[in-house]
1. Taking a cut-off of 21 Å, what percent of all Cα-Cα pairs in segment 157-260 are separated by more than that?
2. Between Thr177 and Asn134, what's the calculated FRET efficiency when r is the beta-carbon distance and R0 is 45 Å? Round to 0.05.
3. Can you tell me the dipole magnitude for the chain around its Cα centre, using point charges on the Cβ only (Lys, Arg +1; Asp, Glu -1), in Debye to the nearest 20?
4. Suppose each label sits 7 Å from its Cα in the direction of the beta carbon; what would the Ile226-Arg64 distance come out to in nanometres?
5. Report the extension gain between Glu73 and Lys297 in nm, rounded to one decimal, defined as 0.36 nm multiplied by the number of residues separating them, less their alpha carbon distance.
6. At 0.36 nm per residue, and after removing the present C-alpha to C-alpha distance, how many nm does the segment from Leu111 to Lys42 gain when stretched out fully?
7. Rounded to two decimals, what is the ratio between the C-alpha radius of gyration of segment 6-344 and 2.2 N^0.38 Å?
8. Return one whole number: the accessible area per residue of the chain in Å², for a 1.4 Å probe.
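The values are calculated or read from the model by the stated rules, or taken from the named source; none is laboratory data. Everything numeric in this text was worked out from a predicted model, so none of it was measured. Here the Cβ positions follow ideal geometry from the backbone for every residue, glycine too, while neighbour counts run over all protein chains shown. Remember, those area values only see protein heavy atoms, side chains included, never the ligands or the DNA or RNA. Shrake-Rupley method; radii C 1.70, N 1.55, O 1.52, S 1.80 Å.
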Amino acid sequence: MEHKTKMHAAMEGHHEKGHEGNMHDAKMHAPIGAMGDHYHRKGEFMASVRFMRMDMGKNAIGSRDLSDQEIIELPNPFSMSGMPAKLSVVPENMVMDMVMIGGMYAPSDNLTWMGMIMLKDKSMDLTTYKGMMNRDQLGKFSSGSSDLSNIALSALLRIQETQTTRLHAQIGIEKSTGENSKMGSVLTPMNDKKEMIMPYGMQIGDDSVSLLSALTYTKTYNLWKIGYQVNSKRSIQKDTWSFGNKLEFNIWTQRDFSKVAAWSLRIKYQKTDPIDGRNVLISAPVQTANPRNYGGKDFSLGFGINYNLRLGSVGLEFFKPIKQNLNGPQMKTNWTAQMGYHLSF
Ligand SMILES: [Cu+2]
């Protein structure tokens, strides 16, 4: 402990008042993917940056896997002139990268402000099949979008705190700032290239305002910590459509395995509604053009590590779905990874 810098000591002291024997405590922050998991002491600031990657691929309806051949037998709900009667373009895989830059400040022990800026990059590979007759594969193409996506501001309110437990609520507003009708180049089932508005899932924003709310409880048992969080994001104002409302339950446990490091295990249950509303210009013989083919329920399991540096701390977390129940034909999530850095002062 003698090597500790003044700032490091001050920061940990603030975080863990009354835990003199536990100054080097890597579990003071929840697994890196959990948001709004802690509040601060009066006068403290925290800056953080997180990177997330989500990898999706293979299609399913509910929890039943679908081949491309099964997908192109499904009806195309948009019967515009010249459009095939069946789905003809199949999403094969998608990668979403996200950067989150966050700041926290506590004007009092009972209130912490938390602000966040999110940037997203989405890319997808698709296969196009002939619209009718023998349904041969015509080719593959990719599309992508990238932008500042959301800005959020929340208040974290301390409800109850003891030597070993903390209970707090979050209430906040999130504004979607990313474009909601970006164009992309598509290989059509007529075997030509066409510029079209990309389907909902490839849009960075939905131009909506959402209400964020959460309740978090943590309890420390010496080397162990257990956390529970329920959080939701609900759209309260939208343009013509918005991404579905979300409800999430989290339970995590963390254990110190050295003076500066802790591992974590997190179980997450998430329920996402289909897209609300519609942009009539988004119509193509692809599953992602149908607002009902979004959302579902999934259970996933995450493993993570938090590590305290001399200045700040780093976290890593890897998630794998255990069970997914998807609304309509959709790509499944393969895995999600997050890494981040926190600095309090
Ligand atoms: Cu913080």
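1. The share of Cα pairs beyond 21 Å in segment 157-260 comes to 58 percent.
2. The computed FRET efficiency comes out at 0.50.
3. The dipole magnitude comes to about 500 debye.
4. Placing both labels 7 Å along Cα→Cβ, they lie 3.9 nm apart.
5. 78.1 nm
6. 24.0 nm is the gain from fully extending Leu111 to Lys42.
7. It is 1.10.
8. 46
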